[in-house]
Amino acid sequence: MNIDLTEYNLIAISTSAGKDSMATTLEVVAEAEKRGVKHRVLAILCNTGADWPNAETEARKLCNHLGIQFQVVHPYRSVPDYISMRQRFPSMQCRFCTRLKTSAIDKLIRKLFPHKQEAKILSITGERREESTHRKKLDEFCVHDELTAGNRQVFHYRPILDWKVGKVWGRIKASGLPPHPAYTEYGNERLSCAICVFACDKDIWNGALVRPDLAERYLEVERKTGFLFRHNQSLASILAKGAIKCR
């Protein structure tokens, strides 16, 4: 890592219990331990109500093993509730699911460090350029404009932005710690919401198997509104391709 962690009062890692979050946490904690500031590290998971089972349990387990603080936050409205209310699904142009998650994490940071309190904070996330066109354009390090206010300075850091997926898995393997069962037992490529509009079909099939309640809620939105899960593609047709049966 090419950043001095000792400059920061809080080192906040956003985690989802996925492989990128896990690799990021392993890297940051190792560096913080070297620098003598591991006690300043806090991992934050946002329980969106659309998560894979055991996401919170797996994230907590990793943090306990590494000896760092862990906290769970909740958005003001769960992702499935928000989808039901809007009668629409997220899209690349309107990623309200991500916004619900980041807003809850930002709220916690504001609570811990009010703007009148002098503090320098590092907000860390595990995006990688390899994952999407949007992520290719992200900065590795920048001012966090939404959280910086008054005496509170916040910076956004993405330590694995240029990593390839092989390096991510290599880092996890070297740790000797198991990743979330979604990868080992189901063969998922990614771990985000259990049923995510940006996921590959196989990950969606797996998500529907472990969260049939979520699949039913989303199918109901399609039935009621005619609004499709993805552009020109319904969730019903995606599940049918995988022979996933819902009520």
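Nothing in this text is a laboratory measurement; each read-out follows from the coordinates by a stated rule. It should be emphasised that the depicted structure is a prediction, and the values quoted were computed from it without experimental measurement. Don't worry about glycine lacking a Cβ; one is built from the backbone with ideal geometry, like all the others, and counts go over all protein chains shown.
5 Å is the cut-off here: which amide hydrogens, built 1.01 Å from N in the peptide plane, fall below it relative to A194, excluding neighbours closer than 5 in sequence?
Residues meeting the criterion, in which the H sits 1.01 Å from N, are D51, W52.
For the range 43-60, in order, what is each residue's ³J(HN,Hα) by Karplus, 6.51 cos²θ - 1.76 cosθ + 1.60 with θ = phi - 60°, in whole Hz (x at glycine and Pro)?
8, 10, 10, 9, 7, 7, x, 10, 7, 5, x, 6, 4, 5, 4, 5, 5, 5
With Rg and Dmax of the Cα atoms in Å in mind, check (i) 17.1, 52; (ii) 17.7, 55; (iii) 18.5, 56 and report the label derived from this structure.
Calculated Rg and Dmax of the Cα atoms in Å: the matching label is (iii).
With θ set to phi - 60°, apply the Karplus curve 6.51 cos²θ - 1.76 cosθ + 1.60 along the range 178-192 and write out the HN-Hα couplings as whole Hz, x wherever there is a Gly or Pro.
Calculated HN-Hα couplings, in order: x, x, 4, x, 4, 7, 7, 9, 10, x, 4, 7, 9, 10, 10 Hz.
Given H placed 1.01 Å from N in the peptide plane, which residues other than close sequence neighbours of R230 have an amide H under 5 Å from its amide H?
Those qualifying (amide H under 5 Å, at least 5 residues apart or on another chain) are L235.
Only Lys, Arg, Asp and Glu count, each charged at its Cβ (+1, +1, -1, -1), so figure out the dipole size of the chain about its Cα centre, rounded to 20 debye.
Numbers: 39 positive and 28 negative charges, 75 e Å.
Here the chain has a charge dipole of around 360 debye.
Given Cβ point charges of +1 (Lys, Arg) and -1 (Asp, Glu) and nothing else, what value in debye, to the nearest 20, does the dipole of the range 1-84 about its Cα centre take?
On the way: 8 positive and 10 negative charges, 37 e Å.
Here the size comes out at about 180 debye.
May I ask you to evaluate 6.51 cos²θ - 1.76 cosθ + 1.60, the Karplus curve with θ = phi - 60°, for each residue of the range 9-19 and list the ³J(HN,Hα) values in order in whole Hz, giving x for glycine and proline?
Karplus-based 3J(HN,Hα) across the range 9-19 equals 6, 9, 10, 9, 9, 7, 10, 10, 6, x, 5 Hz.
Please list the non-local residues whose amide H lies under 5 Å from the amide H of A43, H modeled 1.01 Å from N, same-chain partners needing a gap of 5 or more.
I13, Q69, F70, Q71
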